[in-house]
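Colleague: Please read through the structure below; I'll follow up with questions.
Bear in mind these aren't lab numbers, they're just calculated from the coordinates by the rules spelled out. These numbers were taken from a predicted model, which means no experiment stands behind them. When we count neighbours, we look across all protein chains shown, and the Cβ atoms used for this are built from the backbone with ideal geometry, even at glycine.
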Amino acid sequence: MEGTKYYTCGIIEDEALAYSLLEKYILRMGLIEIKWSTPSVADVLADTHEKVDIVFLDLINSPLSIYTKIDHEINQYGNIIITTAHNEKYVNTLGIDYLQLLNKPFSYKIFEETINEVMIQLQSVSKIA
C-alpha cells in the first residue's frame, strides 16, 4: 500500500496463548512488524532491546515496584499499549504512561480499532516533532 506507514513493536507477554493471539492479530493487520518479544518486564530491563514504535505490555502479576521502572525504562523502547485483564481504574493507579488499554480478552475488531487510534496518535506526534 503506497503511502502507508508501517510500525514496529515489542511484546512483553508471559502467557503463550495470549502471545499467540496477539501475534496473530498483528500479522493479520499487516502494518506492524514484531521486532522482539519477552515474557517479563525484568527481561527487558536486564537486556538491551531495539527501540520500537509500540510496546505491548501485559500486566503480569509482578511487585508494584516493577511498574515504577516501567514508566521510566520501558517507555524508552516505545509507546505502551497495555494488554491486561485488570480494569482501567487499577491500571491508572500504577502510574504508567500508556497510549491505550486492551482489556483481555479482546477481539480482532477491538484490537484493530485500538491500533488505528494509536497510529493516529503516533502520526500526530511525528508531525509535531
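Colleague: Exceeding 25 Å between C-alpha atoms, which entries from my cross-link table qualify? They are K5/K104; K24/K51; K5/K51; K51/K89; K5/K35.
Modeller: Listed pairs above 25 Å: K5/K104; K51/K89.
Colleague: Now for a different question. Can you tell me the alpha carbon radius of gyration of the range 7-124 divided by the globular rule-of-thumb value 2.2 N^0.38 Å?
Modeller: Compared with the compact-globule rule of thumb, the range 7-124 sits at 0.97.
Colleague: Let me ask you something else. Quick one: 3J(HN,Hα) in Hz for the range 105-112, Karplus 6.51/-1.76/1.60 with θ = phi - 60°, rounded, Gly and Pro as x.
Modeller: Couplings: x, 10, 7, 4, 4, 5, 4, 4 Hz.
Colleague: How much length is gained if the chain between M29 and T93 is pulled fully straight, taking 0.36 nm per residue apart and subtracting their Cα-Cα distance, in nm to one decimal?
Modeller: 19.9 nm
Colleague: Can you give me the long-range amide H partners of D53? Hydrogens built in the peptide plane at 1.01 Å from N, cutoff under 5 Å, separation of 5 or more residues or another chain.
Modeller: T8, C9
Colleague: Where the eigenvalues come from the Cα gyration tensor of the range 1-50, what are the semi-axes √(5λ) of the equivalent ellipsoid, largest first, in whole Å?
Modeller: Semi-axes (√(5λ), whole Å): 23, 15, 5.
Colleague: Suppose the chain between A42 and H86 were pulled fully straight at 0.36 nm per residue; how much longer would it get relative to their current alpha carbon spacing?
Modeller: 13.8 nm
Colleague: Applying a 10 Å radius around every beta-carbon, put 98-108, 48-58, 79-89 in order of their mean neighbour count, most first.
Modeller: 48-58, 79-89, 98-108
Colleague: What are the ³J(HN,Hα) couplings of the range 83-98, residue after residue, when phi is run through the Karplus curve with 6.51, -1.76, 1.60 and θ = phi - 60°? Round to Hz, x for glycine and proline.
Modeller: Here the 3J(HN,Hα) series is 10, 7, 8, 5, 7, 4, 4, 5, 4, 5, 6, 7, x, 8, 7, 10 Hz.
Colleague: Which whole-Hz ³J(HN,Hα) couplings does the range 47-54 yield from phi under the Karplus relation 6.51 cos²θ - 1.76 cosθ + 1.60, θ = phi - 60°, glycine and proline marked x?
Modeller: Computed from phi, the couplings for the range 47-54 are 10, 7, 10, 4, 5, 10, 6, 9 Hz.
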